[in-house]
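Have a look at the structure below before the remarks.
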Amino acid sequence: KIMKMLKRSLLAILLLFSSTFAFAVPVDTELSLVIDVSGSVTNSEYNLMMDGYGAAFRDTTVQSNILTGNTNNAIAVNVVFFDSNFIQTALETFVLLDSASAINTFAATLENFVRPGQGGTSIYTGMNRATSLLVGDNSYESSNLVMDVSGDGTSSASLTQAARDSAAAAGITVNGITIGGQNINDFYNANVITTNGFSIAAASFAEFDQGVRDKLRIETGGVPEPATLMLLSAGLFGLGAARRRRSKNT
């Protein structure tokens, strides 16, 4: 009787583990968008950022990169917002982008998402949250883990470096897009991005659209040429096209 109970217990454990791994959907990339919503970001600037992300995912090159030419032809993506702390929202749950319809639906969700938060700036809280979600049981599996951090401010250098190093140790590539002066981009280069990552500088929120588009093209299209990275990180792209304005609550 004891042996039967042991066998049943072992079988239950094996079934539990097999079920856990069976439901991990293989994707080419697990991508976490870490977005600054601190007080320095006005509501209109928040709208420009989210519209910029939406436009980037609708970009034909980005969609083609996601849906063709890779092993799984799909990525999983989520969003982590931060101000003085990370902010839990429905967007923290990873979603599967495996069709044009799924990508466009995600783009619309970003463009219409009500702003959360408006406190101080602690980049590392968003990064640490994204790391835990990327390496945790999020229902997806990939050898390519990417974190995109965007913002217009700085935070504690030591704590931000620790968050970066923790992400790197977990096998996550951290890229960045900064909004504002060169000092913001310098901070990201020194404290946010990993050694295998890159940053793009947008001089203003109006340029954010094209910056995100360029960054997603790189991340979904393979390893970029060094010269391309140098041009992009210097912010040498045109002004973003005029975009729709949407009313979002604070």
Checklist entry - Taking the Cα-to-Cβ direction at residue 158 and at residue 112 and moving 7 Å from each Cα, how far apart do the two end points lie in nm? => result 4.6
Checklist entry - Rg(Cα) of the range 76-224 divided by 2.2 N^0.38 Å? => result 1.00
Item to check | Under 11 Å, Cβ to Cβ, from residue 66 - net charge with Lys/Arg +1 and Asp/Glu -1 | outcome: -3
Checklist entry - Remind me, relative contact order of the range 32-154 in percent, using alpha carbon pairs under 8 angstrom and six or more residues apart? => result 40
Next on the checklist: I'd like the Kirkwood hydrodynamic radius of the range 137-196, using the inverse of the mean 1/r over distinct C-alpha pairs, in Å.
Outcome noted: 12.1
Item to check | Heavy-atom accessible area ranking, 1.4 Å probe, most first, across 32, 156, 44 | outcome: 44, 156, 32
Next on the checklist: With a 1.4 Å probe and all protein chains left in place, how much accessible area per residue does the range 126-216 have, in Å²?
Outcome noted: 34
Next on the checklist: Given a 1.4 angstrom probe, what's the average accessible area per residue across the range 20-85, in square angstrom?
Outcome noted: 33
Next on the checklist: Relative contact order of the range 148-197, please, whole-number percent, based on alpha carbon pairs below 8 angstrom and at least 6 residues apart.
Outcome noted: 47
Checklist entry - Could you give the length gained on full extension between residue 183 and residue 64, defined as 0.36 nm per residue of separation minus the Cα-Cα distance, in nm? => result 39.4 nm
Checklist entry - What is the Å³ per residue value for the convex hull set by the Cα atoms of the range 105-169? => result 120
Checklist entry - Local charge sum around residue 190 (other residues, Cβ-Cβ under 14 Å, Lys/Arg +1, Asp/Glu -1)? => result -1
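The values are calculated or read from the model by the stated rules, or taken from the named source; none is laboratory data. Please read these numbers as outputs of a predicted model, since none were measured by experiment. Neighbour counts are summed over all protein chains in view; Cβ atoms, including those assigned to glycine, are modelled from backbone coordinates with ideal geometry. Only protein heavy atoms, including side chains, enter the accessible area calculation; ligands, DNA and RNA are left aside. Shrake-Rupley method; radii C 1.70, N 1.55, O 1.52, S 1.80 Å.
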